[in-house]
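A short write-up of the structure that comes next.
FYI, it's all coordinate maths here, none of it is from the lab. Please read these numbers as outputs of a predicted model, since none were measured by experiment. Here Cβ is always computed from backbone atoms with ideal geometry, including for glycine, and neighbour counts include all displayed protein chains.
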Amino acid sequence: MTLIKQLKLSAAVLALTATTAAAADVEVLHWWTSGGEAAALNVLKGDLESQNIGWMDMPVAGGGGEAAMTVLRARVTSGNAPTAVQMLGFDIQDWAKEGALANLNDVASEGGWDAVVPAALQRFSKYEDQWVAAPVNVHSVNWVWANKKLFDDNNISVPTTWEEFEAAMQTLQDAGVTPIAQGGQPWQEATLFDSVVMATGGPEFYQKALIDLDPEALGSDTMKQAFDRLGVIRENVDDNFSGRDWNLATAMVINGEAGMQIMGDWAKGEFVAAGQVPDEDFLCFRFPGTQDQVMFNADQFAMFDQGGTVSEEQAALASAIMSPSFQAAFNVVKGSVPARTDVPDTDFDACGKKGMADLAQAAEADMLFGSLAQGHGAPASIKNAYYDVVTAFFNGSFDSETATEELVTAIEIAQ
Amino acid sequence: MASAPAQADLRTRLQNFIPKLVLAPSVAVIFLFVYGFIIFTLYLSFTDSRILPSYNLVGFENYSKLFRLSHWTTSITNLAIFASLYIGISTLIGLALATFLDQKIRGEGLLRPIYLYPMALSFIVTGTAWKWLLDPGIGLEHTMHLWGWESFQFGWIKNSDYAIYTVVLAAVWQSSGFVMAMFLAGLRGIDNEILKAAQMDGASNFQMYRRIILPQLRPAFLSAFVILSHLAVKSYDLVIALTGGGPGRATELPATFMYSYTFTRNQMGIGASSAVIMLMTIAAIMVPYLYAELREKK
């Protein structure tokens, strides 16, 4: 009997310590594990620590967050959701639909989020007029990162059209460097293809095909042409790309092994972490043909419902994320631009300033488009169907005609 | 007079009852977690479940979608290539190694564990090690280039058409020693008297293996087949570690397909239907085989 009593007592003590530990800590699930990203996250950690809120780190590696989302599902189904989770676009909406996210409206109205966050972003941070996530940053994916020395040595000027881009790749090829550093994971190939589709078909086509998912646009000749162009880019990638992480591809550009990388602006963090300076050591320019558009994805932190209320730590975390000083400090390190439009650009480098100006301009001109590859065009099932076709094409399983047909079928099945 | 048999009766009844009582929890657990979840999966495969299970029935829609996916066709083709080569080659190599080791050679005690040790590694370790070995940038090809053989090329792991064979290579490397051990045990179980009698009748070595030894190894063949085929169908970790399903989706197997659709792609219905198809495939191969093999024993 005493044994059982003791057991019960120790269980109670354990439960108690568990809750007290949770009361002072935030457990944050994220996939920011590369050098530049980890440095950016430390800004947030420091900010919370100054408010005496402990940080329980729960990193799950894997760019794009596929692995992290799997862990999250397991945690939620076992009734043990983390306090806050890094999430992208439609994932937020999917979880909000399941009723798993906390309502942040009180924190939002206190911080005046409605006025400062662009509408295109609010579409993802809000579910049925309730704020469910705090946007940290806006990334855009239609960037090209180039090694300036290689460009100067080979007399290449910044390409602004597809033809110039093709010529630049040829020049680099002739000079004996790998023209394009590409990572070999489905999400990276698809991220590249987002820009190619936008450049080939223009904004209206992109909207119709990859956001409205119109089968006619998906199966059109324009789409086939986009695949053809992706094929040209593939020929300028080294043969050893498959399975490569994106930051390793960035390292190839930093080391001068490769000329360019087409990647979201998180790549800048790697350049900066390697001590490089924009416009001096590396160049950043929009993917040729997409100068007027910004294809974005935004990292947000969704707060999981803790018994119907927003806990104090969650509120503190959310308002810390949305404070202008944090948004500036964080995004300077991360390479992205602030999700708030009222943050001054004084601390940002040349690429950051350009990114902020582009974002403001695109938001004004209605040229802000969600990136399908980054989960901001359509829900996860469609995004993955898109990955399947693009990666199969990029790895040589399909020709451009089959790929176009497959894209129509795959997206129809995923709907 | 009346009470004594009744007591004995109670005791025997209790004796009969206790084993059942002791086994009951594990039987119940197996029924729930194995058969219960098979039924649950079967049910889910007929629903429109996406991110979490839903109970809205949609008939055979998931199955018709599944078979229109080229991704799924790739997965089952890969499984057919992988399973047949893996089972075939492992059995052949295992049998050959066992036969050679059985020639009463010196150093058998040393050789046997050397062949057997790969089995002690997990598939993740095997996959990672072979990934590095086969990678043209750092592995075999690179080393050969450093040694001066500049024209050497071995980039199968980066080639969509050949990558599946690298999975076979790593899996065969891992399992052959284990198959060898099974055959060796079988070979040691064969009665020497029969072999001597055959020798006396003038049977050649080849005839002895063909007519006497191999037929007697039948139970070992059965065990090898059963073990290898279930390893083949459920192999997941090896592919994930070795190629990650790539290049592209070229080395996806039904197990990786099922996992990604169910858990990362928010299409639980299609994932469940692929699991059901996998179960039916295994059942279609294993049940007749087991039935034929086990009936003969009687």
- Query: Relative to the first principal axis of the alpha-carbon coordinates of chain A, what is the inclination of helix A:380-394, with its axis defined by its Cα atoms, in degrees from 0 to 90 and to the nearest 10?
  - Reply: 30
- Rg(Cα) of the protein assembly as shown divided by 2.2 N^0.38 Å? 1.14
- Task: Have a look at A:200, A:404, A:161 and tell me which one the Gaussian network model of chain A (Cα, springs below 10 Å) gives the largest fluctuation.
- Result: A:161
- Query: Over the range A:207-363, what is the mean sequence separation of C-alpha contacts under 8 Å (at least six apart), divided by residue count, expressed as relative contact order in percent?
  - Reply: 18
- Task: Could you work out the per residue convex hull volume over the alpha carbons of chain A, in cubic angstrom?
- Result: 153
- Message: What are the extents of the Cα atoms of the range B:214-298 along their three principal axes, in Å, largest first?
- Response: 49, 27, 15
- Query: With chain B treated as a Gaussian network of Cα nodes joined by springs under 10 Å, which of B:130, B:173, B:156 yields the largest mean-square fluctuation?
  - Reply: B:156
- List the residues of the range A:160-189 whose backbone N lies under 14 Å from a point placed 7 Å from the Cα of residue A:400 along the Cα-to-Cβ direction. A:162-163, A:166
- Message: Can you compute the charge dipole magnitude of the range A:289-350 about its Cα centre, using +1 on each Lys and Arg Cβ and -1 on each Asp and Glu Cβ, nothing else charged? Give it in debye, rounded to the nearest 20.
- Response: 60
- Task: Along Cα→Cβ, 7 Å out, is where each label goes; now give me the distance between the ones at residue A:225 and residue A:255 in nm to one decimal.
- Result: 3.8
- FRET efficiency for residue A:56 and residue B:77, using Cβ-Cβ distance with R0 set to 41 Å, rounded to 0.05: 0.35
- Computed over the Cα atoms of the range A:230-284, what is the ratio Rg over Rh, Rh following Kirkwood? 0.97
- Message: With 10 angstrom as the radius, rank B:158, A:354, B:234 by how many other C-beta atoms surround their C-beta, starting from the fewest.
- Response: B:234, A:354, B:158
- Most exposed first, judged by fewest Cβ atoms within 10 angstrom, A:317, A:101 run A:101, A:317
- Relative contact order computed over chain B (Cα-Cα under 8 Å; 6+ residues apart), in percent: 29
- Task: Treat each spin label as a single point 7 Å out from the Cα along the C-beta direction, and report the residue B:194 to residue B:173 distance in nm.
- Result: 3.7
- Message: How long are the semi-axes of the equivalent ellipsoid of the range A:37-89, defined as square roots of 5 times the Cα gyration tensor eigenvalues? Whole Å, largest first.
- Response: 22, 15, 8
- Net charge near residue A:228: determine it from the other residues with C-beta under 12 Å of the C-beta of residue A:228, scoring Lys and Arg +1 and Asp and Glu -1. -2
- So, with points 7 Å from each Cα along the Cβ direction, the residue B:294-residue A:167 label distance in nm works out to 7.4
- Task: With a length cut of 27 Å (Cα positions projected on each helix's long axis) and a Kyte-Doolittle mean of at least -1.0, go through chain B and give me the DSSP H helices that pass.
- Result: B:3-30, B:70-101, B:163-188, B:268-297
- Query: Could you put B:252, A:216 in order, starting from the residue whose Cβ has the fewest other Cβ atoms within 10 Å?
  - Reply: A:216, B:252
- Message: For a distance above 22 Å, tell me the whole-number percent of Cα pairs in the range B:52-178 that qualify.
- Response: 57
- Message: Need one number: the % of Cα-Cα pairs in the range A:107-239 sitting beyond the 18 Å mark.
- Response: 65
- Note on the structure: Measuring from the longest principal axis of the C-alpha atoms of chain A, the long axis of helix A:246-255 (C-alpha) lies at a number of degrees, nearest 10, equal to 50
- Query: Going 7 Å from the Cα of residue B:150 toward and past its Cβ, which residues in the range A:142-181 have a backbone nitrogen under 18 Å from where you end up?
  - Reply: A:176-177
- Query: Relative contact order of chain A: what whole-number percent is it, with Cα pairs under 8 angstrom and at least 6 residues apart?
  - Reply: 26
- Could you list log10 I(q)/I(0) for the range B:77-128 at q = 0.13, 0.15, 0.28, 0.29 Å⁻¹, which the Debye formula gives when each Cα is one point scatterer? -0.45, -0.58, -1.08, -1.09
- Return an integer: the convex hull volume of the alpha-carbon atoms of chain B, in Å³ per residue. 241
